[in-house]
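Chemist: What follows is a structure written as structure tokens; I'll ask about it next.
Laboratory data are not the source of any read-out in this text; all were calculated from the coordinates shown. Please read these numbers as outputs of a predicted model, since none were measured by experiment. Note that each Cβ is placed from the backbone with ideal geometry, even for glycine, and that neighbours are counted across all protein chains shown.
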Amino acid sequence: MGPSTSGVGTEPASFRDPASTVFYLDGHVLRGLSKQGAADYEALTATRFFPQAVQAGQIVGTRTVPEEELPAADGDSSWAMVLEHDRIPVVSYPYEWTFSMLKAAALLHLDLLQQGLAEGQTMKDGYAYNLQFVGARPVFIDVGSFEQARPGEPWAGYRQFCQTFLYPLLLTAYKGVRFQPWLRGAVQGIAPGDIRPLFTGFDVFKRGVLKHVVLHQAMDARFSKARASDTRRELQRAGFSTELQAATVKAIRKLVAGLRWKAGESAWSDYQRTSTYTDAEKERKQAFVRRSVAAAPAPLCYDLGANDGTYSRVAAEHAGYVVAADSDDLTVDLLFQALSKEGERRILPITLDLCDPSPGLGWRGRERSAFFDRDRPDVVLALALIHHLAITGNVPLAELVDWWHGLGARLVVEFVDPEDPMADRLLANKPAGMHGDYRRAVFERLLEERFQVLEREELPSGTRVLYHAAPKPSRA
Amino acid sequence: MQLAYLDAASGSMIVQAIVAGVAGVAVFAKLFWRRLTSPFRRKTATEAQATAHEPLGAKGDKR
């Protein structure tokens, strides 16, 4: 999590709320609280739901750090209290989640808010980035979000919740549009004025659209100049209450729980039939992956082009944590649903286009880190991937090998010969001769320049070869 | 009044009354009724003092 694992470093995304700031100290995740923040935290720990949610893994593990344990180097004595949080193994962002993941995160957020409201607590925000995944389980990480509810006030985070949770989910559920590019396009999410024109005709009769989109946008435009403090006061006088806030949250929860991604349901059966491997080949491949991952300690494994996650699961037998990345949302969504049912906590499914991976975003391009800057994997799986990148993506083989070398990890890679039916199909879309250097011999030469090949195995089909390779030290 | 660190938009606050259901709609209606009738209500000096803030949705610097 975050760029710094040694010394003191502040989390580049933690600066908006002055009451609560996250920083890193020698690999520990700490949160400094202002006087107000500390008072809020003390009220929070006195509730029944908070310790239960922490115990259940719904809220990130949190403890107070005694002052004497903080080194003087920290220097900042302005904090009234410092908390330590459990580390999230690998950070991911909403634009890397699938529909079911964003929905699961939204439901957890609302559940916690509902439980909080029952005990006089509310949340200052409603930001999708306040949740993370540990494996396939959503976890709420922003303990500083909770504060004591003030009578007569609506939920301050409602707008943010719409922008980063509800609108993206509605976009996919009702319009069949992928939300990921929209969230990646703006870290603050989709504004009411931007989503409104997309819902036309009968769309406005779909559940939630009239209130959360049409009316919300109209009110937003109508009262853009009104002062928030005046509005709060007038709402209070008109009789808005904490019970009404609870009713609002309950209604939103019901709406979110009912949202479905239609494509995600109908394609399920088609999906299970598409496999080009024979069982024998699959077994050989699994054994190779198992051996390779187990050959050396592997706290973190990236499975790039993870597909249905078969090899992520094999890797997880010996790796500490596995990121299963694939560009196909539907496949990743199905993998998430399966892992979620199993309560899996060591395989994180994400949707990622390797030819266009998540860049640094937000303030100074650092608030949300680029995917490949986030962590250092120990082993990288690239199985049945190379033909997609080299042929469809037109990435030269030398460039691919250089990229893998730059990851600094052991590599388990599969070369798919041009004669292989899958590669042949992709080549058929390209002008003849365009990928003339896409050959096993060329690949092996490039690989051996930058890596030491520890093991290689040709699969029974004769058109696929597996390599387990360790990176050579970089050339001076 | 304590303000949240997020700049809560007035429209986003008001619409929540509608989302809340029947009881909320009553609040919503009351809010607008007060707003509609406020120019016609005679104010005592103290009331005028208390409502010296801009009415909801007032445009610009008209004061």
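Chemist: Restricting the calculation to Cα positions, tell me the Rg (one decimal) and the Dmax (whole number) of the stretch A:80-194 in Å.
Modeler: Just the Cα atoms of the stretch A:80-194 yield Rg and Dmax of 14.6, 48 Å.
Chemist: Could you tell me the calculated FRET efficiency between A:LYS254 and A:ALA441, based on Cβ-Cβ distance and R0 = 56 angstrom, to the nearest 0.05? Numbers along the way, then the final one.
Modeler: Details: r = 61 Å, r/R0 = 1.08.
After rounding, the FRET efficiency stands at 0.40.
Chemist: When N is the residue count of the stretch A:312-462, what does its C-alpha Rg come to as a fraction of 2.2 N^0.38 Å? Before the final figure, lay out each step's value.
Modeler: Values: Rg = 16.8 Å, N = 151, 2.2 N^0.38 = 14.8 Å.
Taking the Cα Rg and dividing by 2.2 N^0.38 Å, one obtains 1.14.
Chemist: Give me the percent relative contact order of chain A, please, defined on Cα pairs under 8 angstrom at least 6 residues apart. Before the final figure, lay out each step's value.
Modeler: Working: 783 pairs, mean separation 60.7, N = 476.
Normalised by residue count, the contact order of chain A is 13 percent.
Chemist: Using only DSSP helix segments of four residues or longer, with each worth -39500 (n - 2.57), what per-residue ellipticity at 222 nm results for the protein assembly as shown after dividing by its residue count and rounding to 500?
Modeler: -11000 deg cm²/dmol
Chemist: What is the Cα centroid distance between the stretch A:402-454 and the stretch A:75-149, reported in whole angstrom?
Modeler: 42
Chemist: Here's a follow-up. Need one number: nm distance between label points at A:GLU69 and A:ALA39, each 7 Å from Cα along Cα→Cβ, rounded to one decimal.
Modeler: 2.6
Chemist: Another one. Looking only at other chains, what is the average number of their beta-carbon atoms within 10 angstrom of each beta-carbon in A:151-159? Provide the component values of the computation, followed by the final result.
Modeler: On the way: counts 0, 1, 6, 11, 6, 8, 4, 8, 9.
If you average over the peptide's residues, the count of other-chain Cβ atoms is 6.
Chemist: Work out the FRET efficiency for A:ARG207 and A:LEU107 from their Cβ-Cβ distance, taking R0 = 22 Å, and round it to the nearest 0.05.
Modeler: Working: r = 16 Å, r/R0 = 0.72.
Efficiency, rounded to the nearest 0.05: 0.90.
Chemist: Still on this structure, please answer the following. Can you put A:MET219, A:MET434, A:MET422 in order, fewest other beta carbons within 10 Å first? Before the final figure, lay out each step's value.
Modeler: On the way: A:MET219 24, A:MET434 12, A:MET422 16.
The most exposed by this proxy come first: A:MET434, A:MET422, A:MET219.
Chemist: Another one. Whose amide H sits under 5 Å from the amide H of A:MET81, counting only residues 5 or more places off or on another chain, with H placed in the peptide plane?
Modeler: Counting only residues 5 or more places away or on other chains, the set is A:LEU33.
Chemist: Suppose each label sits 7 Å from its Cα in the direction of the beta carbon; what would the A:ASP373-A:LYS225 distance come out to in nanometres?
Modeler: 4.1
Chemist: Straight-line reach from A:LYS211: which lysines fall under 27 Å, measuring Cα to Cα and dropping same-chain residues less than 8 apart?
Modeler: Filter leaves A:LYS103, A:LYS124, A:LYS175, A:LYS225, A:LYS250, A:LYS254, A:LYS262, B:LYS30, B:LYS59.
Chemist: Calculate the FRET efficiency for A:PHE15 and A:ARG456 from the Cβ-Cβ distance with a Förster distance of 45 Å, rounded to the nearest 0.05. Mind dumping the intermediate values first?
Modeler: Working: r = 49 Å, r/R0 = 1.09.
Efficiency, rounded to the nearest 0.05: 0.35.
Chemist: Using the alpha-carbon centroid of each, what span in Å lies between the stretch A:298-345 and the stretch A:160-226?
Modeler: About 31 Å separates the Cα centre of the stretch A:298-345 from the one of the stretch A:160-226.
Chemist: Let me ask another. For peptide A:241-252, what's the mean number of Cβ atoms from other chains within 10 Å of each residue's Cβ? Walk me through the intermediate numbers first.
Modeler: Values: counts 4, 0, 3, 9, 3, 1, 8, 8, 3, 3, 6, 3.
Other-chain Cβ atoms within 10 Å of each residue's Cβ, averaged: 4.
Chemist: A further question on this structure: State the antiparallel share, in %, of DSSP beta bridges confined to chain A, rounding to the nearest 5. Each step should come with its number before you reach the end.
Modeler: Working: 38 of 56 bridges.
Here the share of antiparallel DSSP bridges comes out near 70 percent.
Chemist: In what sequence do A:LEU235, A:LEU107 fall when counting other Cβ within 10 Å, fewest first?
Modeler: On the way: A:LEU235 25, A:LEU107 15.
Least to most surrounded, the residues fall as A:LEU107, A:LEU235.
Chemist: Among all the aspartates and glutamates, which ones have a C-alpha under 18 Å from A:LYS472's C-alpha, if same-chain residues fewer than 8 places away are not counted?
Modeler: A:ASP378, A:GLU399, A:ASP402, A:GLU444, A:GLU448, A:GLU449, A:GLU455
Chemist: I would also like to ask the following. Taking only the alpha-carbon atoms of the stretch A:278-399, what semi-axes of the equivalent ellipsoid follow from 5 times the gyration tensor eigenvalues under a square root, in whole Å, largest first?
Modeler: The answer is 23, 18, 15 Å, longest axis first.
Chemist: Treat the count of other C-beta atoms within 10 Å as a stand-in for reagent exposure and order A:HIS318, A:HIS28, A:HIS109 from fewest to most.
Modeler: Numbers: A:HIS318 19, A:HIS28 13, A:HIS109 30.
Starting with the residue having the fewest Cβ neighbours, the order is A:HIS28, A:HIS318, A:HIS109.
Chemist: Shifting gears a bit: Stokes-Einstein diffusion coefficient for the protein assembly as shown at 25 °C in a medium of 0.890 mPa s, Rh from the Kirkwood formula over Cα pairs: what value in µm²/s?
Modeler: Values: Rh = 25.8 Å.
It comes out at roughly 95 µm²/s.
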